[in-house]
Structure formats: C-alpha cells, structure tokens
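Structure record follows, encoded as structure tokens.
Bear in mind these aren't lab numbers, they're just calculated from the coordinates by the rules spelled out. Keep in mind it's a predicted model, so treat the numbers as computed, not measured. Backbone-built Cβ (ideal geometry, glycine too); neighbour counts: all protein chains shown.
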Amino acid sequence: MINEQTQGQLASAISSEVMIEVNKMNKWYGSFHVLKDIDLTVHTGERIVVCGPSGSGKSTLIRCINALEEHQEGDIIVDGIKLGKNLKNLDHIRTEVGMVFQNFNLFPHMTILENLILGPIWVRKMSKADAIETAMMYLERVKIPEQADKYPGQMSGGQQQRVAIARSLCMNPKIMLFDEPTSALDPEMIKEVLDVMVELAGTGMTMIVVTHEMGFAKTIADRVIFMDEGDIVEQNKPSEFFENPQHERTKLFLSQIL
Amino acid sequence: MAIIKAEKTPDRSAPLFETSVIGWLHKNLFSSVFNTLLTILMLYIVYLTVSGVFVWGFADATFVAENRRECYDNSLTGACWAGVIHWLDNIFYGRYPRDQIWRINYGALLLVLWMAPLWMSRVKGKVLVGATVVVFYPFIAGYLFSGGDKGFFMQLMIASSIVAFAINMANMIAGLTKSLGLNAFIIQMLGQTNAPDKTQRNILLLLTALAFGAAYLWQMGWTVEGVSWTKWGGLFLTLVISGIGIASSLPGGIILALGRRSKLTVIRVLCVSFIEVFRSVPLITVLFMATTMFPLFMPEGFVLNKLVQVIIAVILFNACYMAETVRAGLQAIPRGQYEGAHTIGLGYWKTMGLVIMPQALKHMIPNIVGSFIGLLKDTTLVSIIGLFDILGMLRSISKDVPWIGLHKEPLIFGAILFFILCFSMSKYSRHLEVKLSAGKQH
C-alpha cells in the first residue's frame, strides 16, 4: 500500500547529539539468531524508517531499544543510559521512549482520557488536572478531542491508533518508536494515522518507524534502513535508497513492493 | 455495462411471527403434533409437582402448634412448619443469648449501611469505601459479636472504625445531595476552595483527628458483655465463616496466583506446592487437620479457639482454588497489554493493579462468584466437626423433645434459605457482568 504524501520532503532538524547508540548487538530467540552484529547510531531529531521482509528482525530491533526484549550481546545506549538488567534503568528508559504498536494496545477497560492520563499521574506524578490538560492538548493534536469519554472498543482502528500515539506523547518522550503502526488498519484509515505521524515529524521528534509505507518513508525519513535476515543490509538517504539501491536484496525487495 | 440501483431500499418491520407472543408459542411449543403432545405432557407433570408441593406445604400444613403431636392432630398429610417457626431464632442466631441478639442485628445493619455507597452512582471514592469495609469493619463487628473487655489495641481500632464509618456515611450524604466527595464538600463549606492544597489537606487531617478523639472518648464509656464463640451458631455463624472466607480468599488467591507466575523460582515453587497440596485434599480433611492435628504442633498451653482454626482452614483452602481461577483470568490477557503498560513506564505492581487485574477480574466474575457460592455451601461441613452452624441447628430440631423426628421440614427450610442466598449472588454476578461490559464492545 503506497501512500503518496503531497507535502514533499520535510526539512530535517538533526543535531550532532547522539540519542541512541547500538554497538555489535546480537539477539537470539532460543537458538535462532534474530539480530546479527547490529551497529546503529541515531542522532537527536533524526527520523529513521526501517523496512524489510517479514522475519527480518526489524520489529525485534526497536523492541530491544525499548527494552521490551532482552539482547544477549553488545550494547544499547539510549539517552546516555546503558540497557541492562537494572530495573530502575529500564523504567527510566521506558518513560523516555514512547512506543506505538501494530495492535494499538490501548487499555480496553478505561476511557480514552483515562488511558492518556494513567502514565502522567502514576509515573510522572502529575496532578490530575494538569494530566487532563496535557491529555486534551494531545487529543486535539491528533484531532479527536470529542472522543475523550469513549472506550477504545467504540472507536475505529485509525482513531485508536491516533489515541495510542497521543498516549505516548503525554509522557513527553524524547524518542518515539513505531512498530508497523498502519499494518492492522483498513486502507481508508491509514492516511489519518500517517498524517498525525508526519505532523509529529515536523516537530523535531526523534523517530524510528518500522513500516511498509514507502510514500511515507520518502516524505519524512532522514535515513532509510533495509534489514534482511537479522542484518542491516543497506542504509541511505531516501532519495538515494529508492532511486539507486546498491544491494541485490534491496533491489529485489523494492521491485516487489513498489 | 454498469448496473445501478437508483433508489435506496427502505427498512420494513419484521414479520409478525418473529415478534408476537403467538408467533413465539407456535414456533417453540406447538410447531408439530409431536411437539404439541410433548408440551401438554410437560405441563401435566409440572401441574402434578406444583400442586403436590402446594397441598403439602401450604394447604394441609400446620403453622401453629406446640409440638409434633399437635401437628399430626391437625393434619397427617401436611408439613409441620410450626417446629421450624418455633426454632427460628435458633436457626438464625444459634445459642446466642436472646437478650443480646440486637448486637448481631446491629452488626448486620452496620455492614449493609457501610457497603450501601458502593451501589450509588453519585457517591465518590468507592475504592476507599471498599477498603475501609475490609480493614475496619471486622474489628468493630468482632467486638460487637464477642464483647468483653476492650484492650488498648481494640479501643484504638474500634475508635478508628467508628470514624471510618462516620466519614463514609457523611461522604454518602454529600455525594447524594451535592454529587461531591466529602473532602471537596467540607472545603466548600468552610469557604477554603481557593486555599493551597497543603492548607486544605491540613484542615481535613485536623478534622479527622478531632473526630478520632471524640470517637475514642465515646467508646471508652461503654462495653458489651462477653459472649463465648461456643454460643455462636445458626445462619449467623455460617455467614461469619463464609463472609470472612469470601473477603480473604480473593486477595489470598491473587497473591498466590501472582506468586505462581513469578520469575523467582523459590516463590514460584512455594506457591505451586501450596496450591497443589490444598487443592488435592478434601475440605473436610483440612478442617479435621486444622482442629485436631494443628494443636499438636503448637507449644504446650497454646490454645487457639476452634472457630479461628476453622476460619483459617476455610481461607487457605479457598484461596488455593481462587488462585487457579485468577491464573486463568490472567492468562486471558494478551501480552500487548503488558507491553502497552511498560511503554508508559508502569512498573510490575502498577501494571498489575491498574491494567491487568481490573481486566482479568472482569473476565473471572462468573468463576469467582461460582467459588463464592461453593464456599458458602461448603461451610456446612463445619457441623461435622462440632460447630452449630445453620445445618447443625436444623438437624438438632429433630432431637428436640417436642419435635422429635422432624427432619424434612427444617432441611427444606434450610434449602430455601441457601437457594435465596446463592441465587441472589449469582443474579448479582450476572448484573455485574452486564454493567461492566456496557459500552465496551471488545
């Protein structure tokens, strides 16, 4: 599904500061080697799109960055903090790193507003009034403030995904990770979610997006990363990546999806 | 060539046989000759049963008599309810001193009032109401029921219970009249709405302290006479044992279930063995062990009363069953919910308490209430180890000289009582399910 954006390439706001650093990182599921010697440096404000065939390890990579999965070898350093067994560090990283899932993972027993204020109140120790104010601001930014009192089950997939984005933003994260945010959506709803993500990209947020939306990648990405069988095979500027792919696997992949 | 439907098809009402009573009767009861015969046969069987019960239970029954002989003199084919009526106090209160029965009634009334706000949609702070019932009610009720001298600790707890109850009632009134929480209401009354948070909190703390002082002084002025637990009995005892069992087995079960899923091997193994041991032994065995074996392991002269032993046994036994119910509910929650909670920075306990448990408990309501009903009925086993719970009382009617041999009527009466209790629990659980799932098509 290709969604051609009309805005054209967004201006980038990359600083020299390093936000995420991954060194020689390896991960196994049992005896299966999922990620092999991954090296990756992400600067503050950089927007990265990760693509590749299914099973290539792209979701696992960003889940490792958020410490949802444990890696066995190598280092991941997020915002100056090394991920390891230290639980305090993990909780800290998770509050700094927002994540949006394919299946939204909203809490079905709470209203939209309750979903949004849960983190700010219980983790950031905000007062309820302040949390509600922040939540309403973000709901307005994702264009569904009137749905605040509904339950997730009463909304369309596109609306739920926008709520999920707002929920992450309420924690005021430094990095946003997106794990195939539009893959579970009906075609009509993909655009409304991508629009919100493009707008977010315009604010200078550091983003890593796993997606198959190549039109979206062309619009916002500073860098496109292609993964295959646990390796980062190729990374380049989107213009170069799409016009002039170098690796055979990349060429094959692009010819199949474009 | 394009095929186009120019006009929208309007909605029509459903055919009559789908919606009318006659249509329903025809479809479900009289659709064929065989079906009609079956319906008539069933109606006849129902008639025979109901009329038989009616004649025995009402038409030919004796309600007023001094002993069983008078019942027979009145009618040979009817029930002798007079015996049950004569023993009604014993069935409800056991051998509790007759002039002290008001204490049990007040205790029950207190519980009903205390819990009432939980069912009022306008009242705020329901979690707190529920928590105070569990934490404070047992103390004041325990003293009301057993009486005697109050130790210093008991005095503190009774005063706290009184304050908690008073705050709860005031909160209920504030909620019903103004739709406000009590704290907001008081702050408004004192005109301190704009005062800083700290001042507001201090005012509320001061008021609570004053109330506590008053309650403490007041409760020093009275005591109620001691009633030994051996005099407790009847429905009262059944409800005490099953009430404590119900209130403690759920939290116990949750802790055991979490322990069973723990990543720490020692905790997991402990919980698993505990659960499996208690689940593979019949309750009656656990009760016998608690009352006869347990004292053997205790130091010389350490006497725990039998009632406490029985209650502990009931709690442990049911917590283990509950643990498995809770575990089943936890397994129904998709992994994404844990991940969603982790990504907004919630730790283990907050994830469990705010995100996972509320959803899991909702799934588990039918099973939990099923366990509660089982628990209530299982408490009748305590009559075997010599406590006079409701079953014990019903059976001793037949040993009472004027009513000697009267078995049927008391047991039927007991069955009706249990049916009312259990059926209302199960109805309430249905209601709760519907209420909690309202507006959440998932």
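Using modelled backbone amide H atoms (1.01 Å from N, in-plane), which distant-in-sequence or interchain residues come within less than 5 Å of A:Gly52's amide H?
Close amide H contacts, sequence-distant or interchain: A:Met227.
Enumerate the amide H contacts of A:Thr206 below 5 Å, restricted to partners 5 or more residues apart or on another chain; note that Pro and chain-start residues carry no placed amide H.
Here A:Gly45, A:Met176 satisfy the definition.
Read phi for every residue in the range A:233-245 and hand back ³J(HN,Hα) as whole Hz from Karplus 6.51 cos²θ - 1.76 cosθ + 1.60, θ = phi - 60°, with x for Gly and Pro.
So the J values, rounded to whole Hz, are 7, 8, 9, 6, 5, x, 4, 5, 4, 7, 7, 9, x.
May I ask you to evaluate 6.51 cos²θ - 1.76 cosθ + 1.60, the Karplus curve with θ = phi - 60°, for each residue of the range B:62-74 and list the ³J(HN,Hα) values in order in whole Hz, giving x for glycine and proline?
Karplus-based 3J(HN,Hα) across the range B:62-74 equals 10, 9, 10, 6, 8, 7, 5, 4, 5, 4, 5, 4, 6 Hz.
Whole percent per 20 Å bin, from 0 to the bin with the longest distance: what is P(r) over all C-alpha pairs of the protein assembly as shown?
Per 20 Å bin, starting at 0, the Cα pair percentages come out as 13, 34, 31, 18, 4, 0.
Can you list residues from other chains, or at least 5 along the same chain, whose modelled amide H is less than 5 Å from the amide H of B:Leu180?
Hits under the 5 Å cutoff: B:Gly175.
Explain nothing, just the number: relative contact order of the range B:230-442, from Cα pairs under 8 Å at least 6 residues apart, as a whole percent.
Values: 200 pairs, mean separation 59.0, N = 213.
That works out to 28 percent.
Counting Lys +1, Arg +1, Asp -1, Glu -1, what net charge surrounds B:Lys178 among other residues with beta carbon under 11 Å of its beta carbon?
Working: positive: B:Arg122, B:Lys124; negative: none.
Overall, the nearby charge balance is +2.
Let me test this: with uniform point scatterers at the alpha carbons of the range B:100-226, what is the Debye-based log₁₀ I(q)/I(0) at q = 0.09, 0.17 1/Å?
The calculated log intensity ratios at q = 0.09, 0.17 Å⁻¹ are -0.29, -0.94.
Sorted from largest down, what three extents in whole angstroms do the Cα atoms of chain B have along their principal axes?
In descending order, the Cα extents are 97, 79, 55 Å.
Quick one: what Rg and Dmax do you get for the range A:42-142 from the alpha carbons, in Å?
16.0, 45
Given the pairs A:Lys58/A:Lys85; B:Lys27/B:Lys435; B:Lys178/B:Lys362; A:Lys128/B:Lys126; B:Lys178/B:Lys350; B:Lys126/B:Lys150, which span a C-alpha to C-alpha distance of over 25 angstrom in this model? Show your work: numbers first, answer last.
On the way: A:Lys58/A:Lys85 23 Å; B:Lys27/B:Lys435 32 Å; B:Lys178/B:Lys362 31 Å; A:Lys128/B:Lys126 18 Å; B:Lys178/B:Lys350 32 Å; B:Lys126/B:Lys150 31 Å.
Distance filter (> 25 Å) returns B:Lys27/B:Lys435; B:Lys178/B:Lys362; B:Lys178/B:Lys350; B:Lys126/B:Lys150.
Given the options A:Phe32, A:Phe178, A:Phe241, which has the most mean-square fluctuation in a GNM of chain A, springs set between C-alpha atoms less than 10 angstrom apart?
Per the Cα network of chain A with a 10 Å cutoff, A:Phe32 tops the list.
I want the local charge near B:Ser383. Using Cβ-Cβ distances under 11 Å, sum +1 for each Lys or Arg and -1 for each Asp or Glu among the other residues. Can you show the working numbers first?
Details: positive: B:Arg395; negative: B:Asp389.
Residues near B:Ser383 contribute 0 overall.
Relative contact order for the range B:238-309: what is it in percent, counting Cα pairs under 8 Å that are at least 6 residues apart?
Working: 20 pairs, mean separation 11.1, N = 72.
Relative contact order comes out at 15 percent.
Could you state the number of Å between the C-alpha centres of the range A:165-230 and the range B:230-244?
One Cα centre to the other: 62 Å.
Any chance you could give the angle, 0 to 90 degrees and rounded to 10, that helix A:248-257 forms with the longest Cα principal axis of chain A?
50 degrees
What's the center-to-center distance, using Cα atoms, between the range B:278-339 and the range B:74-97 in Å?
If you average the Cα positions of each part, the centres end up 35 Å apart.
Which loop-located trypsin sites (Lys or Arg not before Pro) does the range B:213-279 contain, where loop means any DSSP state but H, G, I, E or B and the Cβ has at most 16 other Cβ atoms within 10 Å?
B:Arg261, B:Lys263
Would you list, by chain and number, the aspartates and glutamates whose Cα falls below 16 Å from the Cα of A:Lys125, excluding same-chain residues fewer than 8 positions away?
Answer for A:Lys125, where 16 Å is the Cα cut-off: A:Asp91, A:Glu96, A:Glu114, A:Glu133, B:Asp197, listed by chain and number.
So, counting K/R as plus one and D/E as minus one, what does the shell of residues with Cβ under 9 Å around A:Ile175 add up to? Let's see the in-between values first.
On the way: positive: A:Lys174; negative: A:Asp79, A:Glu96.
So the surrounding residues net to -1.
Can you give the helix-only mean residue ellipticity at 222 nm for the protein assembly as shown, where every DSSP H stretch with n ≥ 4 adds -39500 (n - 2.57) and the sum goes over all residues, rounded to the nearest 500 deg cm²/dmol? Write down the numbers at each step before the final one.
Working: 29 runs with 391 residues, N = 700.
My calculation for the protein assembly as shown gives -18000 deg cm²/dmol from helical runs alone.
What are the ³J(HN,Hα) values, in whole Hz, obtained from phi via the Karplus relation 6.51 cos²θ - 1.76 cosθ + 1.60 with θ = phi - 60°, for each residue of the range B:371-387 in sequence order, with x given for Gly and Pro?
5, 4, 4, x, 4, 4, 6, 5, 4, 4, 5, 5, 5, 5, 9, x, 9
Whole percent per 5 Å bin, from 0 to the bin with the longest distance: what is P(r) over all C-alpha pairs of chain A?
Bins of 5 Å from zero give 1, 6, 13, 17, 19, 17, 13, 8, 4, 1, 0, 0 percent of pairs.
For the range B:230-442, max minus min Cα coordinate along each principal axis, in Å, sorted largest first?
Cα spread of the range B:230-442 along its principal axes, largest to smallest: 72, 49, 25 Å.
Relative contact order, percent, of the range B:100-226 when contacts are C-alpha pairs under 8 Å separated by at least 6 residues?
So the answer I get is 31 percent.
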